[in-house]
Amino acid sequence: MNIRSTITVVLLAVAISPACNSIRDIDRAKKSIKTGDLARQVAVLAADSFMGRQPFTPGESLTIQYLASELERMGYEPAFGGSWFQEVPMTEIRSEVTNPVAVNTGKETLYFNSPDDIAVTSPLTEEQIEVSSSEIVFAGFGIVAPEYGWNDYQYLDVKGKTVIVLVNDPGLYTGNPDLFKGREMTYYGRWTYKFEEAARQGAEGILIIHETTGAGYEYTIPRKSSISPRLQLSSNEKAEGCSFAGWLSASAAEELFGKIGMNVSLLREEACKKEFRGFKTNASLSMTISNLIQTNSSSNVAGVLRGSLYPDEAIVYTAHWDHFGVGEPENGDSIYNGAVDNGTSMAWAFEIAEAFTLLNKRPERSILILFPTAEEQGLLGSSWYAANPVFDPELTVAYFNNDLLLPIGRMRDIMITGYGQSDLDSLVAQLAEKQDRYILPDPNPHTGMYFRSDHFPFAAKGIPAMFARGNCDSRENGKEWAAAQELDYLNNRYHRPADNYEPDQWDFEGIKEDAILMFEAGLILANSRYFPRWKSGSEFSGIRERNRLLLTK
């Protein structure tokens, strides 16, 4: 960041003009953010009666009506031309693989079971997909990145074939900070990119070898996703993608490559070298996939508080409303309530939303509270909104998103996922200091969380987007304890029926402090003429400027 923009952010952070809101007025609004209200919202949204908040189910209707009624109660206006709801046309596909999946190595045939060994789905709107003796090609990390001088497909012809690739990108496994972004995952490491690139290369199918560190979660997550209904944005055009895509468990990968005389760990080590070339395996894959297809619309929900002076400019807060509904039972429970994912974040957004309405003087810029659908299916609702926005992207000042807010008490840190992307970092750092807290970059950047929640489609449009929360340093119990709490959640409750509201165990004090901080950040921006900027070196820098130039031509 240059000196001028740094000074601007600092000045904005330390004082708000009395002509906008008095300190007493702001303090009163902040005091309205209460742990009891946070708990009340989660208790409702994570109740069994909401049936796991899955799109295309009765649980969706209950959820979106509740969200709209709360926004109306607080004094917001419907955001979408008089409606609280933005229709998001989607196609639901439930893929089922006829077991077993056969892999012929040339010497023998291996049989893998779905979803335990291989977790695949098909995006095609066809009832049955036959994969017959599809030649298997190993394509390293499956990355084409000219800016890094990297092309795993350069010497390969994968048209009509099945590609097997490694998860994440080479920087993680070498620890070399000059290779991609070192341990921090780039978008090239995301499974979504790998699926997209394989389709661009003309592959029939793609399988990613699962590895927990590189993926950021255990194999149980893609396994469960493959047997759940999958959603994709509907289009009049033929779906772009491979005929099938998914994951190969670590044990299945070891068995397959072992039969052709290779070791996956050694293969990964070699694939991290620029001179590595992919190869044909002389193996082939056969399977049958049956698709159950339904086309319908889900809904984004949003309300707006119109700015007093600049109503066409907006600060946006979001938390996705969807989860996984009623699915595969675990320990006698089949309702995926999603209390932490994403009930606590919806409560966070509601408390911020209500605080803005309690100001005696309305903010000068508008405040948009957006609850996107289908985040769990690949950021579908936020992607649809980003392509069909209420506010012009050039006039969308900043975007604050949250996801997976753990209710484990007050934290010393504000963990910024995607730290170093924009000068929103400096604004939040100033406000964190007021709370006797400090900024902490995500200690696990290899999991690629910046690309895994609803701020990402906005960042891709050039809108400075922040994903920040207290997460790593408990005031009462320290860092090791906080890390253990997060790991326990990820291993035992994340995307599972056990993600329930636990009133006797939860402590909302930390989420309350996070909400107060982000309310203040939004208020500062709402009462200023400042537009935050991307930092040089960010992959999103220049997008907004290029868009403005196009508009003026």
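Readers should treat all values here as calculations from the given coordinates under stated rules, not as data from a laboratory. Just so we're clear, the structure is a prediction, and the values are computed from it rather than from any experiment. Heads up, the Cβs are rebuilt from the backbone with ideal geometry, glycines too, and the neighbour counts pull from every protein chain shown.
Suppose only helical runs count, i.e. DSSP H with n ≥ 4. What mean residue ellipticity at 222 nm does that imply for the chain under -39500 (n - 2.57) per run, divided by all residues and rounded to the nearest 500 deg cm²/dmol?
The helix contribution divided over the chain gives -9500 deg cm²/dmol.
Can you give the net charge of the other residues whose Cβ lies under 12 Å from the Cβ of A526, counting K and R as +1 and D and E as -1?
+2
Size of segment 182-292 along its principal axes in angstrom, Cα-based, largest extent first?
That gives 43, 34, 29 Å along the principal axes, largest extent first.
Nearest 10 degrees is fine. How inclined is helix 191-200 to the longest principal axis of the chain, computing both from alpha carbons?
60
Between the DSSP loop rule and a limit of at most 11 other Cβ atoms within 10 Å, which GluC sites (Glu not before Pro) in segment 51-151 are left?
E108, E127
Can you run the Rg to Rh ratio on segment 261-376? Use alpha carbon positions and the Kirkwood inverse-distance Rh.
Reported Rg/Rh, Kirkwood definition of Rh: 1.23.
Sort segment 290-436 into rounded, prolate or oblate with this rule: let a ≥ b ≥ c be the square roots of the eigenvalues of the Cα gyration tensor; rounded if a/c is under 1.5, and if a/c is not under 1.5, prolate when a/b is larger than b/c, oblate otherwise.
oblate
What's the lysine pair count for segment 91-293 at a Cα cut-off below 21 Å, pairs eight or more apart or interchain?
The result is 19.
If we count every other residue with Cβ under 12 angstrom of R365's Cβ, Lys/Arg +1 and Asp/Glu -1, where does the sum land?
Combined, the nearby Lys, Arg, Asp and Glu give 0.
So in the chain, what percent of DSSP beta bridges are antiparallel if you round to the nearest 5?
65
For segment 91-293, what's the relative contact order in percent, using C-alpha pairs closer than 8 Å and at least 6 residues apart?
Over segment 91-293, the number comes to 40 percent.
Using a Debye calculation, one point per C-alpha and no hydration shell, please list log10 I(q)/I(0) for segment 56-123 at q = 0.12, 0.13, 0.24 Å⁻¹ in order.
-0.59, -0.62, -1.06
Arrange the following residues from fewest to most other Cβ atoms within 10 Å of their Cβ: T35, T63, T417.
T35, T417, T63
Which value, to two decimals, describes the C-alpha radius of gyration of segment 91-293 once divided by 2.2 N^0.38 Å?
Normalised Cα radius of gyration, segment 91-293: 0.97.
Where in segment 266-303 does the label zone of T213 land, with the point 7 angstrom along Cα→C-beta and an amide N cut-off under 20 Å?
266-274
Could you work out the local net charge near S290, counting Lys and Arg as +1, Asp and Glu as -1, over the other residues with Cβ closer than 14 Å to its Cβ?
-2
Determine, from the Cβ-Cβ distance of S22 and D436 and an R0 of 22 Å, the FRET efficiency 1/(1 + (r/R0)^6), rounded to the nearest 0.05.
Taking R0 as 22 Å, the efficiency between S22 and D436 is 0.40.
What distance in nm separates the two pseudo spin-label positions at S334 and N113, each 7 Å out from Cα along the beta-carbon direction?
2.0
Can you list the lysines whose alpha carbon is less than 19 Å from that of K434, not counting same-chain residues fewer than 8 positions off?
Here the lysines satisfying the reach criterion relative to K434 are K30, K31, K34, K512.
Evaluated at 25 °C with a viscosity of 0.890 mPa s, what Stokes-Einstein diffusion coefficient in µm²/s does segment 96-209 have when Rh comes from the Kirkwood expression over alpha-carbon pairs?
Value of D from the Cα-based Kirkwood radius: 160 µm²/s.
Run the numbers on the chain and let me know its relative contact order in percent, using alpha-carbon pairs under 8 Å that are six or more apart.
Relative contact order for the chain comes out at 21 percent.
Which three numbers, in whole Å and largest first, are the semi-axes of the equivalent ellipsoid of the chain derived from its Cα gyration tensor as √(5λ)?
41, 26, 23
Using r as the Cβ-Cβ distance of E254 and E130, and R0 as 30 Å, what FRET efficiency do you calculate, to the nearest 0.05?
Calculated value: 0.65.
Which aspartates and glutamates, on any chain, are close to K535 with Cα under 14 Å apart, when same-chain ones fewer than 8 places away are left out?
Output for K535: D423, D425, E545.
Modelling each spin label as a point 7 Å along the Cα-to-Cβ direction, I'd like the T295/T174 distance in nm, to one decimal.
That separation, rounded to one decimal, is 4.7 nm.
Report the extension gain between D392 and R306 in nm, rounded to one decimal, defined as 0.36 nm multiplied by the number of residues separating them, less their alpha carbon distance.
Length gained between D392 and R306: 29.5 nm.
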